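Structure first, commentary second.
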Amino acid sequence: MSRREVVVDGPVIVGAGLAGLTCAIELAPARCVVLSAGALSTGTSTGWAQGGVAAAVGPDDSPADHAADTLAAGAGLCDEAVVASITAAAPEAIEWLTSQGTRWDRNPDGTLRLGLEGAHGRRRIVHAGGDGTGAELLRTVVDAALRLDSVTLWEHTPARRIVVEGGRVTGVEADTPDGPVVLRTPAVVLATGGIGGLFSHTTNPLSSRGQGLALAFRAGAALRDVEMVQFHPTALDVAIDPMPLVSEAVRGEGAIIVNERGEWVLADPLSARDVVSRAEWAQLQAGHRVFLDARTTPGPRFAELFPSIHATAVTAGLDPTRDLLPIRPAAHYHMGGVLVDADGQSTVPGLFAAGEVASTGLHGANRLASNSLLEAVVCGRRVARRLRDASGQSPTGLPPAELVENPVAAITNAEYGARLDAPDRRQLHQQVRRIVTAGAGVLRDEAGLRRALRDLQPHLDDDTGLVGYLVAHAALRRTESRGAHTRTDFPQVAEPRHTLITLDDVEGIAA
């Protein structure tokens, strides 16, 4: 099938979640193309987020306090300047989302209702629809983007390669239902989300397999701290793949974690996520089961506070007011990613990243709860402002041209998903999930990581296998235990340092 070329006079944004669409909205009236791998509003972790947006908007709170909690959770790998900057921008981010139409949960007097989550010293989690914050934010930005003439949305169009010529970005190759296309542009923004789909137990969409990391890496960009994977300690263990998430906010309302004997798994259920996950993992390895006990608190208020979680539990035959909820740690968030500066610029000129795919320095070794949606909004807007300020310049010398509509044939999301995830691809994906989980799960050691690298070596031409390999490679290089990364053979903490990986560090990788 022949490959078409389309020259665009604005950036191409890869990913239609919160970070990508926020960037597109903030760019207006400058034009852009947004590529969504599936149908709009599907396949993105944004819509699944139950927590909320962390912001110091309460009368007893301050951005400095928010920053201090973020630094403590980040276990020595946060960039203090970045943390200070993003937490300071949080209140204005809430105002911006409000202006876009977000319907926040409010108290009777109209003030924002604030929740508490693990490792936060204050109630500073702003929710929308109880545990449906992500869905409401996704609705907000999708609706806003669709209202803008400057935003062209291409659905069912996964990006396949970043085109780099003369050391800088000149375009992006993508697949459409009508065939491959090259979009010629001087700027590409990656907003592709995380890597949870690489693990057998995850709360992320299974399509979240690190596609953005693979695109950036093959383009020559540096990746940072990709070994840092946060495992959420309260994934509902009811044989559903991906696993339903039980929000941190449930523990914020008083629920506790126990084993089948009713014994507390750890003294403080609101400890940082890595602490809770390791405590649970120890129980599971010892042959116990782990449960969330919400029968007393929030008890009768569970359905009111957490309607989505309540509905999922009921569907699984559980009543949170009467039953213990079986849980286990599951891959939930990736702190590592494409190394970027304060404006989202990667080490490859013209290649930007925002949201979970980026490593900004906010999260360090362990993300503080509800900082991810905040980062997506703040950094998505900052990338847009950087690009908007540079509008009118054409570093590649490409002539400007009108954007064209994507001539997408009539096709359902399920049909296109089946094309992209044929039986052989599904088999490879499941194989990679087993390898990565066994070698680079909650607890890691040299033998397991080297086994994972050996087993993944034959699959480096596949993006899924490549990203799994990079995670294991970085985890092997970090010979310490820090934040979400635990090496049983190196339990001590060493001097703080980052793990950087480029094409030059790994043999056998095709650009």
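Computed from the coordinates by the stated procedures, all read-outs in this text should not be read as laboratory data. Since the model is a prediction, treat every value here as computed from it, not as a measurement. Glycine gets a Cβ as well: all are built from the backbone with ideal geometry, and neighbour counts include every protein chain shown.
Length available on full extension from residue 480 to residue 42: 0.36 nm per residue minus the Cα-Cα distance, which gives 153.9 nm.
Here the scattering of the range 94-162 is modelled by Debye summation over its C-alpha atoms, one equal scatterer each and no solvent; at q = 0.14, 0.16, 0.19, 0.21 Å⁻¹ the log10 of I(q)/I(0) is -0.59, -0.70, -0.85, -0.94.
Kirkwood-type hydrodynamic radius, the range 10-51: 10.8 Å, calculated from all non-identical alpha-carbon pairs. Relative contact order, whole percent, for the chain stands at 22, derived from Cα pairs under 8 Å and 6 or more residues apart. A simple charge model with +1 on the Cβ of Lys and Arg, -1 on the Cβ of Asp and Glu and nothing else charged puts the dipole of the chain at about 420 debye relative to its Cα centre. Reducing the range 209-248 and the range 70-94 to their Cα centroids gives an inter-centroid distance of 21 Å. Mean silhouette area of the range 231-329, derived from the convex hull of its C-alpha atoms and averaged over all directions, reads 5.6 nm².
Between the range 1-66 and the range 290-319, what is the separation of their alpha carbon centroids in Å? That distance is 31 Å. Subtracting the Cα-Cα distance of residue 343 and residue 301 from their residue separation scaled by 0.36 nm leaves 10.9 nm.
Overall size of the range 1-85 from C-alpha positions, given as principal axis extents largest first: 58, 28, 27 Å. Amide H of residue 178: which non-local residues (sequence gap of 5 or more, or other chain) have their own amide H closer than 5 Å, using H built in the peptide plane? So residue 178 has HN proximity to 409.
Taking the charge dipole of the range 442-511 about its Cα centre, with +1 at Lys and Arg Cβ atoms and -1 at Asp and Glu Cβ atoms, the residue from 443, 453, 502 reaching farthest to the positive side is 443.
In the range 115-252, Cα pairs under 8 Å separated by at least six residues give a relative contact order of 19 percent.
Panel order for 442, 126, 238, 258, by other beta carbons found within 10 Å of each beta carbon, from fewest to most: 238, 258, 442, 126.
Its residue count N sets the reference 2.2 N^0.38 Å, and the alpha-carbon radius of gyration of the chain equals 0.92 times that reference.
Applying 0.36 nm per residue to the separation of residue 434 and residue 260 and subtracting their alpha-carbon distance, the gain on full extension is 59.9 nm.
Protection proxy ranking of 314-327, 80-93, 337-350, 374-387, by the mean of other Cβ atoms within 10 Å over each peptide's residues and highest first, is 374-387, 337-350, 80-93, 314-327. DSSP bridge analysis restricted to the chain gives an antiparallel fraction near 65%, rounded to the nearest 5. Computing FRET efficiency as 1/(1 + (r/R0)^6) for residue 60 and residue 282, where r is the C-beta to C-beta distance and R0 is 35 Å, gives about 0.50.
Here the label points at residue 268 and residue 99, each 7 Å from Cα along the C-beta direction, are separated by 3.8 nm in the simple model. Here the spin labels are modelled as points 7 Å beyond Cα on the Cα-Cβ line, and at residue 319 and residue 504 they lie 6.4 nm apart.
With R₀ fixed at 30 Å, the C-beta to C-beta distance from residue 80 to residue 443 puts the FRET efficiency at about 0.55. Set the Cα radius of gyration of the range 117-254 against 2.2 N^0.38 Å, with N its number of residues, and you get 1.30.
Here the range 231-329 is assigned +1 on the Cβ of each Lys and Arg and -1 on the Cβ of each Asp and Glu. Its dipole about the Cα centre then comes out at about 60 debye.
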